[in-house]
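No value in this document is a laboratory result; all are computed from the given coordinates. No experiment lies behind these values; they were computed from the predicted model shown. Counting neighbours? That spans all protein chains shown, and the Cβs are built from the backbone with ideal geometry, glycine included.
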Amino acid sequence: MSARAYIGLGSNLDAPVEQLRSALRALDQLDGCHLVASSALYTSDSLLPGQPRYTNAVAALDTTLAPLALLDALQAIENDQGRVRAERWGPRTLDLDILLFGDQVLDLPRLKVPHYHMHARPFVLYPLAELVPADFQLADGRAIAHLLQACPFVGLERL
C-alpha cells in the first residue's frame, strides 16, 4: 500500500542549493519511493543567531515504506551528503524531515507526524502549500489555510 509523504528539506552548509537538488534526486531513487513533486526553493534566516541562511523546500513522495523505514532512508541520505549531528539545531549540510505521512498521526520516540513544529515555520508551510490543495487538512484536522494565516511569510525569499 502506498502513502503520500511530505518531506521538508533544509541546508545551510556546503552549497545548500546543490545539497537540496542532490537530495531530491536521491529521494526519487529510493526503493519503494517515487518523487511526485517538489516546491520552489526558499531562503530564510536560521532559527539560531550566527548561522548561515538556510535554503529550504518540500517534496511530495509516494512511498510503500513504513514511516520508520522512510525515516531511516532519509537519515542515510543525510549521512551520504555529509550530515554531522554535532549540535541540536546546528548548521547542517542536509536536514530531511517527514512532515506528513498519509493520513497518519504518529507519536513515536523517533518520529512525530505531523511534524511537531511545522505550524510555526514559514519555511515549511509555504513550500508545502505549493504542493497541496488550498482546502488541504493535516491528519490531525488542522487546515493548511489556517496555519498559513497564523504564520506570516516573513523572512522568506523565494529563489
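Brief remarks on what is shown
- Entry note, the chain: relative contact order of 29 percent, from Cα contacts under 8 Å with a spacing of 6+ residues.
- Scanning the chain for DSSP H helices at least 27 Å long along the axis (C-alpha atoms) with a Kyte-Doolittle mean no lower than 1.6 picks out nothing.
- Modelled spin labels at Asp135 and Val154, positioned 7 Å past Cα toward Cβ, are 3.1 nm from each other.
- Lys/Arg +1, Asp/Glu -1 at C-beta; the range 4-157 dipole; positive extreme among Pro91, Asn79, Gly8: Pro91
- Part-to-part distance (alpha-carbon centres) for the range 7-67 and the range 88-146, which is given in Å: 13 Å
- Using distinct alpha-carbon pairs, which all enter the 1/r mean, Kirkwood radius of the chain in Å: 15.7 Å
- Using the Karplus relation 6.51 cos²θ - 1.76 cosθ + 1.60 with θ = phi - 60°, the per-residue 3J(HN,Hα) values for the range 91-98 come to x, 8, 5, 7, 10, 10, 10, 7 Hz, with x marking Gly and Pro.
- For the range 3-158, size of Cβ-based charge dipole, Lys and Arg +1, Asp and Glu -1, in debye: 280 debye
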